[in-house]
Amino acid sequence: MSRTSDRADGDIVRDFLSVADLLEEPQLAQLYAYLAREGEATVQDVMDDLELAQGTAYSYVNRLVDAGVVDITDDEQPRRYAAREIDLTVTTATGDREYTITPALIDAVGRRETDADIDTYIGRHGVAGLATALTYAVARERGEVTHRLMAEDLDISPLAGEMILQALRPVVHEHYDIEEAGAGLDELDIDNGDAADDA
Amino acid sequence: MSRLHIADTGLFVAMGQSSNSRYKAVRRFARRNDVTFVLPERVYEELTVDDPDAEEVPIDTAIDEGWATVAAPLEFSEPVVSRVMDGVQRYIANGDDRPADGVERADAALAALAAQHLNAGTATEVYIYTTDIAAGEGAKTVLASEGYGDSVTFVNGFRFIEDLVAGDS
């Protein structure tokens, strides 16, 4: 094997390990997802928007920079940071399954801090299981599958399926273009009274 | 003119616990407009399953409060009921390239219940509230092919609740 390909392999392994860290630590995943969403931000923005103490914010940002998943885009003070695009396909040891680590998945993992349903699901099915659920969540928002088909495929109860699909819905709408389907209240042709009646 | 409001599992999951503003907004809507949400039996079974991984859904509270109820079993002896059932199963299967008999029948039960009431004349207008777009679109398409296109509305459960909550604030 040539030295060049050794180096390329080394880069891939290094990338993988940094991404694995992100998936292990929801706070880092949350920060990465924030930077991916904002495009660019300063540590002050991070402190304000994610309500982190200054020391914590600096330490997290530096860890992401060291891991190579966040770049410094402007070295003038205050420094600005941006997320690097991540798209890594992982095959499980048995080779029977494959999933892709995307910013959407990292965002979903980051939400386990604040979303009990996502936290429960990862606890039960792991990050790989959440990755699978996320692909179903995208397909369901596109009108390709229902929560019952997902539940049947994954051998979970339809209720548990519906709960994780609903928990992942904001992630899907954040990262994918989804056309709106079905009627809202306005198209219901029901006069919902006047809000003032509601004493 | 009588209206029938058929609710799927996702609508009740999206409302959350009875203390929460989404649940209260839907309850207020139901009371103000004299609406009772009707659940196909299979939907009720899904909502009340004993699953330690899933948080309990307060469907029995809604039933006790009088704005939700469970439908009687479907009358499959009515040809239109079984036709709509099969039609929706095929529609959903096509969307995901799987055999129609591999599709859960509960997905099609929403539309079948609508067909039963439209056919019997016990409803002239039906609203189907679901968070599964495939089930909602499938119901609308198949019921239209039975001549009920103008009588059926697929209500997106998420949009419905979001609109109600926004209107309340």
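Annotation for region A:32-137: GluC sites (Glu not before Pro) lying in DSSP loop with at most 10 further Cβ atoms inside 10 Å of their Cβ are A:E51, A:E76, A:E85.
I need the calculated FRET efficiency for the pair A:E51 and A:E187, taking r as the beta carbon distance and R₀ as 51 Å, to the nearest 0.05. The calculated FRET efficiency here is 0.85.
Please label the shape of region A:38-192 as rounded, prolate or oblate, based on the square roots a ≥ b ≥ c of the eigenvalues of the alpha-carbon gyration tensor (a/c under 1.5 means rounded; beyond that, a/b larger than b/c means prolate, else oblate). Because a/c hits 1.5 or more and a/b fails to exceed b/c, region A:38-192 counts as oblate. Between the residues A:P103, A:L154, A:L165, the greatest Cα displacement towards the positive end of the dipole of the protein assembly as shown, with unit charges on the Cβ of Lys, Arg, Asp and Glu, is found for A:L154. Oblate is the label for region B:1-128, because a/c, from the alpha-carbon gyration tensor with a ≥ b ≥ c as root eigenvalues, is 1.5 or above and a/b does not exceed b/c. Just so you know, the Cα atoms of the protein assembly as shown work out to an Rg and Dmax of 23.5, 79 Å. Over the protein assembly as shown, dividing the summed -39,500 (n - 2.57) contributions of all DSSP H runs of at least 4 residues by the number of residues returns a 222 nm mean residue ellipticity of -17500 deg cm²/dmol.
For region B:36-162, with only Lys/Arg (+1) and Asp/Glu (-1) charged at the beta-carbon, what is the dipole magnitude about the Cα centre, in debye rounded to 20?
Numbers: 7 positive and 25 negative charges, 146 e Å.
Rounded to the nearest 20 debye, it is 700 debye.
Counts of other chain beta carbons within 10 angstrom of each beta carbon in peptide B:6-13 average 4. With the highest mean first, a sort of the peptides A:52-64, A:150-162 on other beta-carbon atoms found within 10 angstrom per residue produces A:150-162, A:52-64. Placing dummy labels 7 Å off each Cα toward the beta-carbon, the span from B:D168 to A:I72 is 4.9 nm. Tell me, how many Å apart are the Cα centres for region B:7-63 and for region B:127-169? Centre-to-centre (Cα) distance: 16 Å. Which of rounded, prolate or oblate describes region A:88-175 when judged by the alpha-carbon gyration tensor and an a/c cut-off of 1.5? Judged from the Cα gyration tensor, region A:88-175 comes out rounded (a/c under 1.5). The reciprocal of the average 1/r between distinct C-alpha atoms defines the Kirkwood hydrodynamic radius, which for region B:128-169 equals 11.0 Å. When only the Cβ of Lys, Arg, Asp and Glu is charged (+1, +1, -1, -1), the dipole of region A:34-178 relative to its Cα centre reaches about 380 debye.
Read the figures in this text as sums done on the coordinates, not as results from a lab. Remember, predicted model here, so these are calculated numbers, not experimental data. Methodologically, a virtual Cβ is constructed for each residue, glycine included, from the backbone with ideal geometry; neighbour enumeration extends over all protein chains shown.
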